[in-house]
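Worksheet: the structure to be examined is printed underneath.
The numbers here are math on the coordinates, done by the rules we state, and not lab data. Bear in mind that the values here come from a model prediction, so they are computed numbers and not experimental data. Here the Cβ positions follow ideal geometry from the backbone for every residue, glycine too, while neighbour counts run over all protein chains shown.
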Amino acid sequence: MHGGSFTGNSCKKLLKNLDFLEENLPISLLKYVTCLKAFDDVTKSTFRTNLDPSYKTTINHFKSSFLKLGIKTTPKIHAVFFHVQEFCEKTDLGLGTYSEQASEAVHSDFSVIWNRFKVLENNPTFSNQLLAAVTFYNTSHI
């Protein structure tokens, strides 16, 4: 459904159910639960507005548990291993301040307005309709 990956709310739901997984998975798979718990700690220490002082420890613990799995390090995993810590060190803030969640919420909110003004892009009135939708949206969100 999500391209074979867990993102956003699907990922949060998985992380909230780690105790259930731990109780029901075979022992051979528990290393994955350990890794997911370590990732959950990273999200709690860095993916919020306030940066938890233990964020470096949680990132290193996650990195260690992930590498024990012996699976491919994806670009997103690489970013958590190296760039999240680097960013947090430079800003002294959690990632929540800069997340795409706020812009996604605006996009979703705007799409309701856009549906009232929308015309096809090749329509000669497209730019005027887009401007009208943005103006209406902005004036109703002052």
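Some points to look at:
- Modelled this way, with points 7 Å down the Cα-to-C-beta line, the labels at THR91 and ASN24 are 3.6 nm from one another.
- Shape call, the stretch 9-67: gyration tensor on alpha carbons, a/c limit 1.5: oblate
- Equivalent ellipsoid semi-axes, the stretch 38-94, via Cα gyration tensor eigenvalues times 5, rooted, Å: 20, 11, 8
- Cα-centred dipole magnitude for the chain, charges only on beta-carbon of K, R (+1) and D, E (-1), debye, nearest 20: 280 debye
- Between the helical axis of 30-46 and the longest alpha-carbon principal axis of the chain there is an angle of about 50 degrees.
- Calculated [222 nm] ellipticity per residue, helices only, for the chain: -19000 deg cm²/dmol; basis is -39500 (n - 2.57) per DSSP H run with n ≥ 4, divided by all residues, nearest 500.
- Note on ILE77 and ALA105: with the Förster distance fixed at 22 Å, the Cβ-Cβ geometry gives a FRET efficiency of about 0.25.
- FRET efficiency, SER10 to LEU130 (Cβ-Cβ, R0 30 Å, nearest 0.05): 0.40
- Size of the chain as Cα extents on the principal axes (Å, biggest first): 61, 36, 25
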